[in-house]
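Read the figures in this text as sums done on the coordinates, not as results from a lab. This one's a predicted model, so the numbers in the text were calculated from it and none came from an experiment. Don't worry about glycine lacking a Cβ; one is built from the backbone with ideal geometry, like all the others, and counts go over all protein chains shown.
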Amino acid sequence: MTLLPTADSTNTVAASNPVDRRVVIADHQTSGRGRLDRSWVAPAGSALTFSATVGPAVEPSAWPLVPLAAGVAVAAAVRRAGGSASLKWPNDVLLDVGDSASKLAGILVERVGDPPLAVIGIGINVSMSEAELPVPNATSLTLAGLAVDRAELFGWVLEELDAALELMRSDRTAFLESYRRACSTLGRDVNVSLPDGSTLTGTAQSIDEGGRLVVDGPEGARPVGVGDVVHVRPV
Ligand code: BT5
């Protein structure tokens, strides 16, 4: 384990020297990264931010499931902390507070090296105050009234990550069932921004064997492998 007071991004540090089962954790990231060149922002000491490198025993067809496994693990750890968490496909961890759900954690999985290893980057907002939230739809464990020690949460996430990856490797059907149970996107009306710039509107029908979201839209059921989902409240 590498514990750093400051890093640009723990994913970048981990990817620079990928070693199976190595964990890089930083108290503060100066250039935290999200997906698609977006940024991940958290004041020093307010979040649990780390990257775990795992592999190489991931069979090619299971790669798209690794980010889902990370989401399952974080949601389970948040439940152990007393919170009610769900996953917006693929792996935004939402915390239910009252009748709304806000983003508590983000996950960025990158594939590095040959044979490839997965760098699983996880950021969980732990003690951020309202004023420190980087975007309006974010929340933290503290804001939800959950007093959790970062070190204890870290231990829970690592345990749950090991368990979720093990289930993903050993029993894909059971793994996908555990993902579907945690996923609050299913059954919702959604707008999905697709990589080509278009938007697919429809109802999130299922998660297929490849971890793709199947959206029932104007042209029938369509599996989506990459996209940004917005949950639309039924009018
Ligand atoms: C993510 O991307 O949510 C993945 C974030 C992964 C962060 C971890 S921290 C450890 C490791 N090292 C890194 O450099 N990254 C990983 P995406 O789905 O693209 O969402 C990014 C969007 O989330 C931003 O554009 C903001 O709107 C929002 N956001 C940024 N910081 C946030 C925060 N602390 N809490 C909630 N939302 C945030």
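Residue by residue through segment 1-53, note down the ones that are farther than 30 Å from A147 by Cβ and β-branched (V, I, T).
Across segment 1-53, the qualifying residues are T12, V19, T53.
Run A62 past the list (1) under 18 Å from V126 (Cβ atoms); (2) out of contact with any strand residue (DSSP E or B) (no Cβ under 9 Å at 6 or more places or on another chain); (3) among the hydrophobic types (A, V, I, L, M, F, W, C) and report the number of the one that doesn't hold.
Every listed condition holds for A62 apart from (1).
Being of a type outside the set (D, E, K, R), free of Cβ contacts under 8 Å to residues at least 60 places away in the same chain and touching a helix residue (DSSP H, G or I) at 6+ places or on another chain (Cβ under 9 Å), is that true of even one residue in segment 63-74?
no
Grab the strands (runs of 3 or more DSSP E) fully contained in segment 171-235, keeping just those with 2 or more residues being in contact (Cβ under 8 Å) with a residue 40 or more places away in the chain.
189-193, 199-207, 228-232
Filter segment 21-51 down to the residues that are assigned to a loop (DSSP other than H, G, I, E, B), touching a residue at least 60 places away in the same chain (Cβ under 8 Å) and more than 6 Å from the ligand (Cβ to nearest atom) and list them by number.
Passing the criteria: P43, G45, S46.
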